[in-house]
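Data first, discussion second: the structure below is written as structure tokens.
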Amino acid sequence: MGRKWSIKAKLTCLYGGFMVLLTCAALAILFSLSSQEILSSVQADLREQVQESVDELEAEEGRLRVDADFYSMENGVYLSVYSTDGEFLYGRVPAGFPGQPAFENDSLRTVQDRSQRFYVFDLEQKVEGYGDVWIRGTASVTRAENSFTVTLRFALALLPMLAAVMIFLSYRFVRRALLPVRRITDTVQEIQKEEDLSKRVGLPAGQDEIHRLAGTFDQLLADLEQAFAREQQFTSDVSHELRTPAAVILLQCEEILRDPDLSADVRAQVEVIQRKAKEMSALISQLLLLSRADQGRQVLQKERLDISELTEMVVEEQQMLAQEKRITVTARIEPDICMQADESFFIRLLINLISNSLAYGREGGHTEVSLYRENDLAVLEVADDGIGISGEDLPRIWDRFYRADAARSDGNHAGLGLSMVKWIVKEHGGTIGVESEKGKGTVFACRFPAEEG
């Protein structure tokens with residue numbers, strides 16, 4: 001499950017968890033020290049109150065008198081005065097204080113009841129004109145601990161909110177730190193979608209690793225763009241240069257074949273040269289067309305076309321070519337389907353798909369061309385029962401000069417037809433997909449935006 005998490009989620013959990021753990025540890029230490037400090041403060045207040053109360057005792061005519069301040073309870077300390085026999089004379093005793101513990105001079109101790117604990121501090125004091133008395137101070141440990149417990153519970157109640165805030169802040173921090181990575185990813189996706197190598201990440205100059213990565217990536221894109229531009233220019237230049245020699249070869253072949261005295265053997269050899277020159281000329285034309293398409297210089301002349309009629313016409317022409325391999329070509333065409341299209345390129349699209357089907361079809365097999373509406377789309381399908389395409393070859397059939405099974409085709413295909421088909425479909429605002437199984441056949445499906453008939 002963890003492998004499916006994004007880096008942002010992982011870092012957020014890491015930083016957020018660390019901050020929450022650190023906060024919990026800090027609060028635990030703080031509350032532990034605070035608990036000890038509170039108890040120490042209670043003990044110190046108890047001692048101080050008892051020692052200061054000595055000044056509030058005096059004798060008058062042999063009787064012990066206490067100041068009114070003796071009865072005031074400061075910081076939760078209860079003061080009381082006892083005779084040397086343990087008889088209670090003056091003061092206050094906290095509720096629930098257990099019995100009458102023995103007196104211990106200048107000794108701080110803890111007295112335990114069933115539900116409460118008390119600190120007790122006794123001090124023996126001689127009052128001039130009266131005699132010796134015991135001054136006892138009592139403070140509730142349980143009450144001090146309870147007040148601390150309330151604070152602790154309040155802190156624990158706020159801890160989830162504090163954890164949520166820390167996780168949110170961690171997320172914001174990680175998100176901000178990974179924004180350059182998101183920008184790099186978006187740039188790559190745009191390049192893949194639009195096939196435009198001119199796009200750049202364009203992060204400002206920085207010294208951290210991500211900014212250096214973005215700069216390196218931009219430089220790589222620039223190098224790739226230049227390399228592709230050089231390749232496109234080379235393909236275009238070569239195609240232009242080869243057109244003339246191919247045209248000359250074809251003209252010379254035609255001139256030679258016009259000679260009535262040409263022997264049968266020589267005529268057969270010249271016809272082979274002529275046939276191969278035609279294939280080379282067609283290949284050069286395809287290369288030139290693809291080169292112009294790559295450079296954005298090939299413009300389509302679109303108009304409203306009845307592609308139903310156009311498809312029927314192309315299928316009839318291809319049926320004659322299919323007779324050589326004894327392949328039956330049938331059509332299942334819904335009438336009056338119209339779209340904005342370039343007639344010559346749409347015909348080329350149909351010819352390439354059908355001829356590809358014939359090239360990889362079985363002798364005596366069958367190819368079906370279908371055209372129908374699907375909601376607001378025109379769907380063109382070319383299905384055959386030929387040799388099919390293996391799963392490992394399927395993603396590469398759109399690559400130029402790639403042939404999935406050259407040994408089993410008719411040898412007249414250079415591997416440019418499907419590349420051209422994909423470009424034509426894209427330029428018409430459509431999509432193309434393929435389904436195939438080795439040994440069972442292939443189905444190419446194109447979807448175009450259709451118009452009302």
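The values are calculated or read from the model by the stated rules, or taken from the named source; none is laboratory data. Predicted model, so just to flag it, every value in this text is computed and none were measured. A quick note on method: Cβ atoms are made from the backbone with ideal geometry, for glycine too, and the neighbour counts reach across all protein chains shown.
Structure notes:
- Within region 188-230, the set of residues being within 24 Å of the chain's Cα centre (by Cα), assigned to a helix (DSSP H, G or I) and either within 20 Å of E427 (Cβ to Cβ) or of a type in the set (A, V, I, L, M) (or both) comprises V188, E190, I191, Q192, K193, E194, I210, L213, A214, L220, L221.
- Of the strands (runs of 3 or more DSSP E) contained entirely in region 17-90, not one carries at least 3 residues that are among the aromatic types (F, W, Y), surrounded by 13 or more Cβ atoms within 10 Å (Cβ to Cβ) and in contact with a Ser or Thr (Cβ under 7 Å, 6 or more places away or on another chain).
- In the set (1) under 17 Å from D45 (Cα atoms); (2) loosely packed, with under 14 Cβ neighbours inside 10 Å, G96 fails one condition alone, (1).
- Qualifying residue in region 129-139 (condition: exposed (fewer than 14 other Cβ atoms within 10 Å of the Cβ) and at pLDDT below 85): yes
- Any chance E74 is over 26 Å from K126 (Cβ atoms) and modelled with pLDDT under 80: no
- Hey, L159 outside the structural domain of S53 (by TED's automatic domain parsing) and at pLDDT below 80 or not: no
- Residues located in region 35-52, provided they are closer than 30 Å to A163 by Cα and touching a Phe, Trp or Tyr at 6+ places or on another chain (Cβ under 7 Å): S35, I38
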